[in-house]
Amino acid sequence: MDAADRIDELRALVAHHNERYHVLDAPEIPDADFDAMVRELRSLETDHPDLAGSDSPLDAVGGAARMMFSPVTHAVPMTSLDNAMNEDELRAWGDRVVRGLTNDDGHEAIVTFVCEMKVDGLALSIRYEGGEFVRAATRGDGKVGEDVTANVATIKDVPRRLSRRSGESGTGTPDVVEVRGEVYMPVAVFDDLNESYEAAGQPRLVNPRNAAAGSLRQKNPEMTAKRCLSFWSYQLGQVDGGPEFTSHLETFDFLRSIGMPVSPEIATFASLDDVLRHCLHWQQHRHELGYEIDGVVVKVDDLAQREQLGFTSRAPRWAIAYKFPPEERTTTLLDIQVSVGRTGRTTPFAVLEPVFVGGSTVSMATLHNQDQVRLKDVRPGDTVIVRKAGDVIPEVVGPVLSAREAGTQPWEFPTTCPCPLGSTLVRLEGEADTRCVEPKCPFQRDQRVIYWASRGAMDIEGLGERTVMALTEAGLIEDAADIYSLAADEVVELEGFAMPSAEKLVVAIDESRRQPLQRLLTALGVKHLGPSASTALAGEFITLDRIMAADSVSLAAVDGVGPVIADSITSWFAQESNRAFIEKLRIAGLDFGSEEAAAAAAAAKQSVPQVLEGKAVVVTGSVPGYTRDEAADAIIARGGKSPGSVSKKTFALVVGESPGASKSTKAESLGVPIVDASLFDELLESGELPASMI
Ligand code: IVH
């Protein structure tokens, strides 16, 4: 295709997607894909000024408002921002700023940069007259927006009346103030909303920005009120009869003083190196905030310098949006396949044309279950949106319907297991999962052994998925108990093994014989029985034989167990094949727990003060000097509990290196104290929150 055709094609695409995003609040493609189109078009137009013409969609900011609401002409236009997609582009912007401010005498200008979060919401302009809230408008095309006053009036963060300032000169409330900022939906609100959508069988909302846009554009303000939107202010529009400002930081002080919400995440830097460090920090930690951000906005602080720099046709030269690498991209869905888990649960997953998203190349993504595939209606061949956020597993958000070929059919869930036995799959009434119920299913068997060896269970290094598959394929093992009779000269025959590594594996397997009872219990893979209930049971019953002999009632009486887990355990042990498996393990010499060892442990425990008695301490990330187990053991040894998730009752969340973001966010929203891992020893010592953090 030649440049002229490509320019035409891109112009049509950009105009279409611009309208979908800004006017209809229904984007079809991720921002990153849109940005890529805009960039390609911009560079083609630059390279071919002869073809540029005058009707490029790049000149338009946002979209002409759809005008479901009355139009509002902005007294001061609402411009957009240019983007920097990487370090180099940010530096190039910084250089342009400094150059633009440097006088002829060659003395380099001194610039202070203010960094703010780039909140992923919608820009609003809120007008106060005589201190009273009078109007709120969306950005629209930058000149004319839509009147959303009634809806914005329901947002708690937006004051109906400004606070009166006192003290400085020029006090009182200005006659007119236009406050600009971003209206957004907090992540917790979005998650709750989506949970209720899912429960009602409705498709999930794509992202908080869309949800916020939809909520703001409700014809009935009561609906908006229910959506619990929030607002951060970051800029001023028209101001009449107010104080004069010389810097952006002063405008923040002013915004705070009149009662507008200002994000605490504002930082100033004297060098672009520091700006960049700050941007990269938030790129890593973006999910720790209670709201979504897609970048960091960097602004020149000095208002006189801003004046000197001025605007391009689209955006100010004194500000730039450093955009994070995308967490959503589109790609082709090559196929939908079904995997079989250790309990026979089947999980549909997408086989994708590999795509770089969320920091890694993704070629597979879960589709959760049958209902999810039906709701999303993704079909092999579709262009789909793939999302990978932080350490969360990648998922398929949905299809890009406008790109679907005509005549395709919805995907049908298979009726038989994909394993060689091909037994009929079963979905019980009221259950979300479709299962393979064939006890001899080889896929389930492989998964059970993989789970047995996994980190949370018997933790056997070197016995991962590939090795397990190779062992079962070679006919060396039938179940997890068989691994204990493997010899190094059998393992060495497998592909990828040489003598030292084969011997190492056999030693690791041997060492796992001595894993404590709670790990053995977990490794059995009993439905619903996870590590924390296993630990509780092991602590109470001491030996596996006593657990096997116990009835549901006494199992359920253990704190943290309950009737569902208890019933699952008794029915597991009631199965003949499982009892035979246990006997194989006994013969293999695994540690089933003993009264003597428990008595010795109890004696040791008595010498440790029970300072965390009844307190739940959750650990996320790695705590220096402790393995995951050791950190949990240290808490339990002091009478505390170490559950896997944060709740209202959590005493403290200890955050180590590379923590999971969701735990911190949840702790923050529930007001659970967050303790840095460096203070963990102090917490263990006193059983109280470390003094230095209170
Ligand atoms: S300043 C003239 N600051 O990003 C400067 N914008 O891509 C106008 N946004 O339209 C914008 N957080 O909707 C600014 N801290 C922030 C922002 C922010 C999010 C949005 C805003 C703007 C868009 C530009």
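The values are calculated or read from the model by the stated rules, or taken from the named source; none is laboratory data. These figures come from a predicted structure and were not determined experimentally. Backbone-built Cβ (ideal geometry, glycine too); neighbour counts: all protein chains shown. With ligands, DNA and RNA removed, areas are computed over all heavy atoms of the protein, side chains included. Shrake-Rupley method; radii C 1.70, N 1.55, O 1.52, S 1.80 Å.
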³J(HN,Hα) computed for each position of segment 285-298 - Karplus, 6.51 cos²θ - 1.76 cosθ + 1.60, integer Hz, glycine/proline x: 10, 4, 7, 8, 7, x, 9, 7, 10, 10, x, 10, 8, 10
Measuring from a point 7 Å past the Cα of LYS527 along Cα-to-C-beta, which residues in segment 545-582 have an amide N at less than 14 Å? 564-575
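Magnitude of the Cβ-charge dipole of segment 255-348, K/R +1 and D/E -1, about the Cα centre, nearest 20 debye? Mind dumping the intermediate values first?
Working: 11 positive and 12 negative charges, 43 e Å.
In debye, rounded to 20, segment 255-348 gives about 200.
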Can you give the charge dipole size of the chain about its Cα centre, rounded to the nearest 20 debye, using +1 on the beta carbon of Lys and Arg and -1 on the beta carbon of Asp and Glu? 1900 debye
Amide H neighbours of GLY259 under 5 Å, at least 5 residues apart or on other chains, H built in the peptide plane: list them. SER163
Hey, rough spin-label estimate for GLN575 and ALA487, points 7 angstrom out along Cα→Cβ, what's it come to in nanometres? 3.2 nm
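How large is the convex hull of the C-alpha atoms of segment 68-195 per residue, in Å³? Mind showing how you got there, number by number?
Working: hull volume 25.8 nm³, N = 128.
So the per-residue hull volume is 201 Å³.
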Which one, LEU401, GLY381, ALA365, projects farthest toward the positive side of the charge dipole computed for segment 336-403 from Cβ point charges (K/R +1, D/E -1)? ALA365
Would you mind checking which residues have amide H under 5 Å from ASP479's amide H? H placed 1.01 Å from N; only 5 or more apart, or other chain. none
Using the Cα centre of the chain as origin and beta-carbon charges of +1 (Lys, Arg) and -1 (Asp, Glu), tell me which of THR224, VAL507, HIS278 is placed farthest towards the positive end of the dipole. THR224
Sequence neighbours fewer than 8 away in the same chain don't count; with that in mind, list the lysines whose C-alpha is under 28 Å from LYS504. LYS584
Whole-Hz Karplus couplings 3J(HN,Hα) for segment 147-157, θ = phi - 60° and coefficients 6.51, -1.76, 1.60, Gly and Pro as x, run 7, 10, 3, 4, 6, 5, 4, 8, 7, 4, 5
Under 5 Å between amide hydrogens, which residues at least 5 positions from LEU236 or on another chain qualify, with H placed 1.01 Å from N in the peptide plane? ARG180
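Rounded to the nearest percent, how much of the accessible area of the chain (1.4 Å probe, protein heavy atoms only) is carbon and sulfur?
Numbers: 17250 of 33650 Å².
Of the solvent-accessible surface of the chain, carbon and sulfur hold 51 percent.
May I ask for the percentage of alpha-carbon pairs in segment 340-426 that lie more than 14 Å from each other? Display every interim value, and only then the final one.
Details: 2524 of 3741 pairs.
Percentage above 14 Å: 67.
Would you calculate, for the chain, the mean residue ellipticity at 222 nm contributed by helices, counting each DSSP H stretch of 4 or more residues as -39,500 (n - 2.57) and dividing by all residues, to the nearest 500? It would help to have the intermediate numbers written out before the result.
Values: 26 runs with 257 residues, N = 694.
Rounded to the nearest 500, it is -11000 deg cm²/dmol.
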At R0 = 30 Å, how high is the FRET efficiency between ASP551 and VAL437 if r is their beta carbon distance? Nearest 0.05 is fine. 0.75
At 1.4 Å probe size, with every protein chain present, just tell me what the per residue accessible area of segment 571-643 comes to in Å². 56 Å²
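Which three numbers, in whole Å and largest first, are the semi-axes of the equivalent ellipsoid of segment 253-378 derived from its Cα gyration tensor as √(5λ)? Mind dumping the intermediate values first?
Numbers: eigenvalues 375, 62, 42 Å².
For segment 253-378, the semi-axes come out at 43, 18, 14 Å.
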Relative to 2.2 N^0.38 Å, what does the C-alpha radius of gyration of the chain come to as a ratio? Two decimals please. 1.14
What are the ³J(HN,Hα) couplings of segment 228-234, residue after residue, when phi is run through the Karplus curve with 6.51, -1.76, 1.60 and θ = phi - 60°? Round to Hz, x for glycine and proline. 6, 6, 10, 8, 10, 9, 8
